[in-house]
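The values are calculated or read from the model by the stated rules, or taken from the named source; none is laboratory data. Quantities reported herein were computed from a predicted structural model and do not represent experimental measurements. Quick reminder, even Gly has a Cβ in these numbers, built from the backbone with ideal geometry, and neighbours come from all protein chains shown. These accessible areas exclude ligands, DNA and RNA; they are computed on the full protein's heavy atoms, side chains included. Shrake-Rupley method; radii C 1.70, N 1.55, O 1.52, S 1.80 Å.
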Amino acid sequence: MRPPFDHVRTWIFDLDNTLYPAETDLFALIDERMGTYVADLMQVDLVEARRIQKDYYYQHGTTLAGLMLDHGVDPHHFLDYVHDIDMGRIEPCPVTAAGLAQLPGRKLIFTNGDVTYAGRVLDRLGLRDQFEAIHDIHATQYQPKPHAAAYASLVDSLAIDPAAALFVDDLARNLKPAKQLGMTTVWMNNGSDGGTHEAEHDFIDHEISALGEWLTALTQETAR
């Protein structure tokens, strides 16, 4: 790779709204099931359930983290329920696939979802074979991004040198701990819900709006 990416040996990608466009809005389906789960658990209406759900999300990084802390929710039960959605909205992107295939070095997924769900998404995208490993919410011991412990577990378990790693995420606040570790950060500013929350440019090295286009530009430069 040419500068400023010639030092990168490990390419780390968020999953949702990063490997596929935000307008796919897959999370709307998950969000609906989260609301139903919270409403049933707490015996409240859907309006109050959504308020609780979003409070947990912004306070703890995921709804699950708040539910585990305050209500002792079984993470496997919760994740199985909320991820039981139709994946028909996801379409393969040959441009993204081709760009990923040209990247030198390791390619990893770092997600607040779980491996089973991530695998289903990658299968729909036709990208399952592109990635060496998926570091999920179970692997982080339920400490989600942007908690520093999640990044420490990623680095330790997969033997990553942060100085030679790059991390792409659509939620700006998730880049801060990566930058503090020494990673190069790329913000996928594509209109994701909450994407601009706590965005500060001192921890964002690069800003893009479409993954496939960015990867194409990188790999075309490499080929020259």
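For the reader, a short list of remarks on this structure follows.
- Top-ranked residue of region 78-120 - restricted to ones that are part of a helix (DSSP H, G or I) and of a type in the set (S, T, N, Q), ranked as least open to solvent (accessible area, probe 1.4 Å): Thr96
- Within region 192-220, the only residue that satisfies the criterion of being open to solvent by 30 Å² or more (accessible area, probe 1.4 Å), under 20 Å from His147 (Cβ atoms) and at pLDDT 80 or above is Asp202.
- Residues considered: Gln59, Gln43, Gln53. Of these, the only one that is farther than 30 Å from Ala217 by Cβ, loosely packed, with under 13 Cβ neighbours inside 10 Å and touching a Gly at 6+ places or on another chain (Cβ under 7 Å) is Gln59.
- Lys176 meets the conditions (1) assigned to a helix (DSSP H, G or I); (2) more than 17 Å from the chain's Cα centre (by Cα) in every case but one. The failed one is (2).
- For region 57-77, the set of residues classified as under 18 Å from Ala139 (Cα atoms) and either small (Gly, Ala, Ser) or outside any helix (DSSP H, G or I) (or both) consists of Gly61, Thr62, Ala65, Gly66, Val73, Asp74, listed by residue number.
- Residue match in region 128-138 (condition: in contact with a Pro (Cβ under 9 Å, 6 or more places away or on another chain) and over 30 Å from Leu218 (Cβ atoms)): yes
- Tabulated pairs, region 99-116, first closer than 14 Å to Phe167 by Cα, second among the aromatic types (Phe, Trp, Tyr) and in a loop (DSSP other than H, G, I, E, B), C-beta under 7 angstrom, 6+ apart or interchain: Lys107/Phe131; Leu108/Phe131; Ile109/Phe131
- A single entry from Tyr117, Tyr142 fulfils the requirement of being at positive phi and of a type in the set (Phe, Trp, Tyr): Tyr142.
- Qualifying positions in region 124-148 - surrounded by fewer than 17 Cβ atoms within 10 Å (Cβ to Cβ) and either assigned to a loop (DSSP other than H, G, I, E, B) or touching a residue at least 12 places away in the same chain (Cβ under 8 Å) (or both): Gly126, Glu132, Ala133, His138, Gln141, Ala148
- Of all residues in region 14-56, those satisfying the criterion of being touching a helix residue (DSSP H, G or I) at 6+ places or on another chain (Cβ under 8 Å), in a loop (DSSP other than H, G, I, E, B), charged (D, E, K, R) and in contact (Cβ under 8 Å) with a residue 40 or more places away in the chain are Asp14, Asp16.
- Qualifying residue in region 149-159 (condition: outside any helix (DSSP H, G or I), over 25 Å from Ile90 (Cα atoms) and modelled with pLDDT of 95 or more): yes
- Only listed residue being within 26 Å of Pro177 (Cα to Cα), at pLDDT 95 or above and not hydroxyl-bearing (Ser, Thr, Tyr), chosen from Leu64, Leu69, Leu79: Leu79
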